[in-house]
Amino acid sequence: MKLWKRIAAMVLASLLALGTLVGCGGKTGDNSAASEGGKYKIGVVLKSLANPFYVTMADAIEAKGEELGVEIVLQAPEKETDAEKQMQIIENLITQQVDAILLTPNGSTEMAPAAKKCNDAGIPIVIVDTRLDAAALEENGATTASFIGSDNYFGGQLAAEEMKKAIGEGKVAILEGIGGQESSVNRVSGFTDKAEELGGLDIVASQPADWDQEKGYTVFQNILQANPDINGLFAANDMMALGAVKAIEDAGLEGKITVIGFDATDDAKEAIKAGKMLGSIAQSPADMGTTALTTALDFLEKGSCEEDIAVEVYMLAADAIE
């Protein structure tokens, strides 16, 4: 998606969020596209378009929508911490009577009420990348049509295995995502559990950097000051990993700390090829996005769909990058 389209989408989201929200009204199981003979209108609410991972997902969804003759209404907050803005966007999509909503939630518990709002409006909601908390869904009396995402716990385990192979024994730090978010919790716990099982990986620091590159830089800079003899770093996404890489360079420690990220973004691939990162746990945001869209369409056409769809994760190292 072109830069100006990204900017326009975010401006539109802000304007809609400032507007007066009207009641959910609308659908009771019928979809406007079927009743009017037109194409489906699918709302897409991503975490943020500041992260290349979600830009890739957005591009794939829009391309697939064009291929299938589906109208895509795609919006996102500026920050991945902004669950309130996501809720406002969803409320506005409901008033627009979209046929289904795809959501990458900025909060596993915070966005459970959004699922309930969709349920009440008769709009199926498909969750992508980050699961909604089961207890929060139950508390809100909400359901979702499907979840499409990676096994983040397994991805964290893979990272620990690769770290063990690379350094054998040593001190390791972890950069976490936003506290409480399912993706971060599972990636970090997968890493720590496997590290304990393997032995020899001494985790001396584990701190949140909120999926953000600048915070990844400052948080890891502080970790380095307290632990200058660190041998390895696992960052729960590539944005934080790249921030840490810059902190390592500024500390004159380039080549001395093994860095593994998560997501295999294009910028991370360049860092891996340059020897600044050992690798990244890869998943496919494009596949996630297109699968989420086709799953929502399955639900609209058939009244049911596959409820849990796993996307493959694997370690991407320099020898696998063209």
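Bear in mind that the values in this text are calculations on the coordinates, not laboratory data. No experiment lies behind these values; they were computed from the predicted model shown. Here the Cβ positions follow ideal geometry from the backbone for every residue, glycine too, while neighbour counts run over all protein chains shown.
Please get the size of the charge dipole for the chain, origin at its Cα centre, with Cβ charges of +1 on Lys and Arg and -1 on Asp and Glu, quoted in debye to the nearest 20.
The dipole of the chain has a size of about 560 debye.
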Highest to lowest packing among 105-112, 190-197, 243-250, scored as the average C-beta count within 10 Å:
105-112, 243-250, 190-197
Report the relative contact order of the range 196-263, percent, no decimals, based on alpha-carbon pairs under 8 angstrom and at least 6 residues apart.
34 percent
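Using Cβ counts within 10 Å as a stand-in for footprinting exposure, how do 147, 53 rank, fewest first?
147, 53
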By how many degrees, between 0 and 90 and to the nearest 10, does the Cα long axis of helix 3-18 differ from the longest principal axis of the chain?
60 degrees
Per-peptide average of other Cβ atoms within 10 Å, ordering 313-320, 214-221 highest first
214-221, 313-320
How many nm is it between the label spots at residue 138 and residue 68, if each spot is 7 Å from the Cα in line with the beta carbon?
3.2 nm
In Å, what is the Rg of the alpha-carbon atoms in the range 152-282, and how long is Dmax?
12.6, 34
Scoring the chain by relative contact order with C-alpha pairs under 8 Å, at least six apart, yields a percentage of 17 percent
Can you work out ³J(HN,Hα) from phi for every residue in the range 299-311, in order, using Karplus 6.51 cos²θ - 1.76 cosθ + 1.60 and θ = phi - 60°, giving whole Hz and x for Gly and Pro?
5, 5, 7, 10, x, 7, 7, 5, 8, 8, 10, 8, 10
What are the residues whose amide H is under 5 Å from the amide H of residue 233, where those residues sit 5 or more places off or on another chain and H is modelled from the backbone?
173, 258, 259, 260
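Work out, in µm²/s and without decimals, the Stokes-Einstein translational diffusion coefficient of the range 69-198 at 25 °C, 0.890 mPa s, Rh from Kirkwood over C-alpha pairs.
Numbers: Rh = 16.2 Å.
For the chosen part, D equals 151 µm²/s.
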Inter-site label distance for residue 307 and residue 39 at 7 Å from Cα along Cβ, in nm:
3.3 nm
Under 16 Å between C-alpha atoms is the cut-off here; go through the range 152-282 and count lysine pairs that meet it, provided they're at least eight residues apart or on different chains.
12
If you work out Rg/Rh (Cα atoms, Kirkwood Rh) from the coordinates, which of (1) 0.93; (2) 1.01; (3) 1.05 do you get?
(2)
